[in-house]
Amino acid sequence: MLRRLLVKSLLPFLAMVAASCGGPAVPEVETLDEQGFQQLIRERNGKILFVNVWATWCAPCREEFPALVKLAEVYRDSEVEIIGVSADYPDEIASKIVPFLQKQNANFKNYVRNFADDQAFIKSINPKWSGALPVTALYDREGNQQVFHLGEADFETFRQYIEELR
């Protein structure tokens, strides 16, 4: 608890230091629990939700990440909301997740999973999911999962999934 509080309080300071030094902005990463994830799905405001689950230790996730950055750029200010959910641990936000996101020039909202247990997290994404990474789920404007893609994908595959839901 204290460690999480320290990490949360240090991130704004690190962002200010990086900005004042001309360095890349420090992305804000929030924890995401079961209730928060369900709220993201429910509160669509007419937008399609694109959720990619990744981890810093996952080689295919790291290879796929530039496609997500490109996708977020293409769909900026559109009816598509792109988010990432790291499967790393919440206490790794400052040490692993933020440095990874900075290196990747992440331009979309990222969270770190903070579910009661791994099975609750897996079942919330898709009950048929084994937990292997990366995984992508797309939800329509009403919050219904329409696409579940297990494994690495490229920009064109992701773009096609989105266009089919538009």
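Here the 3J(HN,Hα) profile of the range 27-41, calculated from phi with Karplus coefficients 6.51, -1.76 and 1.60 at θ = phi - 60°, is x, 8, 10, 9, 7, 10, 9, 4, 5, x, 5, 4, 5, 4, 5 Hz, Gly and Pro shown as x.
Total lysine pairs in the chain at Cα distances under 17 Å, for residues eight or more apart or on different chains: 6. Take every DSSP beta bridge whose two residues both sit in the range 28-165, then give the antiparallel share in percent to the nearest 5. Taking every DSSP beta bridge with both residues in the range 28-165, the antiparallel ones total about 40 percent. Amide H contacts for residue 80 (H built 1.01 Å from N in the peptide plane; partners 5 or more residues away or on another chain; cut-off under 5 Å): 48. In this structure, the amide hydrogen of residue 146, modeled 1.01 Å from its nitrogen in the peptide plane, lies closer than 5 angstrom to those of 138, 139, 140, counting only residues at least 5 positions away or on a different chain. Shape class of the range 46-148 from the alpha-carbon gyration tensor: oblate, with a/c at 1.5 or above and b/c at least as large as a/b.
Of 120, 106, 153, which has the largest mean-square fluctuation in a 10 Å C-alpha GNM of the chain? Top of the fluctuation ranking is 120.
For the chain, the relative contact order is 30 percent, taking Cα pairs closer than 8 Å that sit 6 or more residues apart in sequence and dividing their mean separation by the residue count. Computed 3J(HN,Hα) for the range 62-68, one whole-Hz value per residue from the Karplus formula 6.51 cos²θ - 1.76 cosθ + 1.60 where θ = phi - 60°, is 5, 5, 7, 4, x, 5, 5, glycine and proline marked x.
Just so you know, all these numbers are worked out from the coordinates, no wet-lab data involved. Since the model is a prediction, treat every value here as computed from it, not as a measurement.
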